[in-house]
Amino acid sequence: MMPQKKILLTQDGLDKLTAELEHLRTVRRSEVAERIHKAKELGGTANNAEYDDAKNEQAFVEGRILTLENMIKNATIIPNESPRTGTVTVGSKVTVLGPEDKLEQYTIVGSAEANPSMGRISNESPVGQALLGKRVGDAVEVAAPAGVLRLTIVDVK
């Protein structure tokens with residue numbers, strides 16, 4: 001068996017995954033079981049769309065529970081404070097000067113917590129990889145679908 005890949009998470013991210021897992025185990029699992037039971041009572045299991053739908057939902061819930069359990073088991077917590085070295089690490093909040101002198105702020109997180117629309121980018125993404133290990137004043141170039149993106153780091157927290 002291959003060793004499991006470590007999942008980088010902030011404490012907040014781990015707390016959210018743990019809460020979702022608890023909800024799935026205690027609430028959703030029983031809701032889906034009740035749906036399956038009611039669907040069986042209504043019309044058996046053959047040609048019963050409600051039953052099939054409930055069984056599919058059960059499979060999804062059980063799959064998500066396994067995924068979450070695995071992520072939590074393999075979680076490595078990203079320290080809240082990145083070292084005061086001024087170097088970009090996982091967990092850093094990085095302010096960059098992008099195209100057209102536009103300031104953008106990113107928080108570098110593990111892939112499980114990435115949410116680009118919220119400014120949370122994965123350490124495995126092209127921008128995240130380019131920023132890791134860099135310091136204030138460094139410029140990075142990232143190949144993007146629209147061409148090469150040039151970013152200059154102006155702050156690291």
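Quick notes on this structure:
- Debye, to nearest 20: dipole size of the chain, +1 on Lys, Arg Cβ, -1 on Asp, Glu Cβ: 420 debye
- Computed label-point distance, nm, for sites Thr26 and Asp155 using a 7 Å Cα→Cβ extension: 3.9 nm
- Length available on full extension from Ile77 to Asp52: 0.36 nm per residue minus the Cα-Cα distance, which gives 5.1 nm.
- In the chain, a dipole from Cβ-located charges (positive for Lys and Arg, negative for Asp and Glu) runs towards its positive end, and of Thr26, Tyr51, Leu151 it is Leu151 whose Cα lies farthest in that direction.
- Hypothetical label at Asp138: residues of segment 95-127 whose amide nitrogen lies under 18 Å (7 Å Cα-Cβ projection): 95-98, 104-110, 121-127
- Its Cα centre serving as origin, segment 93-156 has a Cβ charge dipole (Lys and Arg +1, Asp and Glu -1) of approximately 100 debye.
- Highest-first packing order for the peptide set 56-64, 108-116, 5-13, 40-48 is 108-116, 5-13, 56-64, 40-48, based on the mean count of other beta carbon atoms within 10 Å.
- Of Lys5/Lys102; Lys6/Lys93; Lys5/Lys55, pairs whose Cα-Cα distance is over 32 Å: Lys5/Lys102
- With the simple spin-label model, which puts each label point 7 Å out from Cα in the Cβ direction, the Arg64 to Thr18 separation comes to 2.0 nm.
No lab work stands behind these numbers, since they all come straight from the coordinates. These numbers come from a predicted model, not from an experiment. Every residue, glycine as well, gets a Cβ built from its backbone with ideal geometry; the counts of neighbours run over all protein chains shown.
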